[in-house]
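J.: One structure follows; several queries about it will come next.
What follows is calculated from the coordinates using simple rules that are stated; it is not laboratory data. Predicted, not measured: the structure shown is a model, and the values here were computed from it. As a convention, Cβ positions derive from the backbone with ideal geometry for all residues, glycine included, and neighbour counts pool all protein chains shown.
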């Protein structure tokens, strides 16, 4: 499995990241470039997937960047780990639901390393933490698949500001809150990016054709 691992230490503009992912996906589909995992952070930005509704915007003064990923509206900003990828599914099991499970399991298994139990939800995509009976979202997932090359990725809330979520209905879900790891636990999440990468690559092997 020949996947390039890329890490950006400074925040990357959302549209720059999107342009790189789209260009890389086309090269991968032509067998002209390696698959990619890219870890980064964004400056504050609200993004909307193909399924978003104007009703999901509570504060009409905010700017929204519309994308071609799946999902609805969410927020990205400092303190949030962005895990982007470009993965070729042509020589793997061509099953998008099982690929989403690879992502979900990678996040769940990573957080378990830090003694945090989370779960996926078939009805509300993402990863959820049970806070005394209240389900709170800790990670959002948005994927696009073109010619069986999957790209975009997921974001994991670590120590990001949660106030911007009050300006939107995150992912179009009205009855659940958003949280981050710092609210859940005071421990240090050392090398969480490395663990996520290892879990993701390991779980990808479950899709080997």
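J.: List the residues of the range 101-138 whose backbone N lies under 17 Å from a point placed 7 Å from the Cα of residue 182 along the Cα-to-Cβ direction.
T.: What the label zone holds, given the 17 Å backbone N cut-off, is 138.
J.: Then there is this: If you work out Kirkwood radius over Cα pairs in Å from the coordinates, which of (1) 17.8; (2) 17.3; (3) 19.3 do you get?
T.: So the calculated entry is the one marked (2).
J.: On to the next question. Taking neighbour counts of Cβ atoms within 10 Å as a proxy for exposure, in what order, fewest first, do 110, 118 appear?
T.: 118, 110
J.: Also, I was wondering about something else. Just need the relative contact order of the range 3-207 here, percent rounded to a whole number, with Cα pairs under 8 Å and 6+ apart.
T.: Reported relative contact order: 24 percent.
J.: Using only helices, what value at 222 nm comes out for the chain when you add -39,500 (n - 2.57) per DSSP H run of length 4 or more and divide by the total residues, to the nearest 500 deg cm²/dmol?
T.: One gets -7500 deg cm²/dmol as the mean residue ellipticity at 222 nm.
J.: Extent of the range 31-95 along each principal axis, from alpha carbon coordinates, in Å, largest to smallest?
T.: Rounded to whole Å, the extents work out to 44, 25, 18 Å.
J.: Using a Gaussian network model of the chain with C-alpha springs under 10 Å, which one of 161, 16, 95 is most mobile by mean-square fluctuation?
T.: 16
J.: What is the Cα centroid distance between the range 133-184 and the range 3-46, reported in whole angstrom?
T.: About 19 Å separates the Cα centre of the range 133-184 from the one of the range 3-46.
J.: For residue 65 and residue 101 in one chain, what is 0.36 nm times their gap in residues minus the Cα-Cα distance, to one decimal in nm?
T.: Here the segment from residue 65 to residue 101 would lengthen by 10.3 nm.
J.: Roughly what would the spin-label model give for residue 50 and residue 122, points 7 Å off Cα along C-beta, in nm?
T.: The answer from the label model is 2.3 nm.
J.: Would you kindly state how much longer the chain becomes between residue 166 and residue 27 on full extension, computed as 0.36 nm times their sequence separation minus their alpha carbon distance, in nm to one decimal?
T.: That pair, residue 166 and residue 27, stretches by 46.2 nm at full extension.
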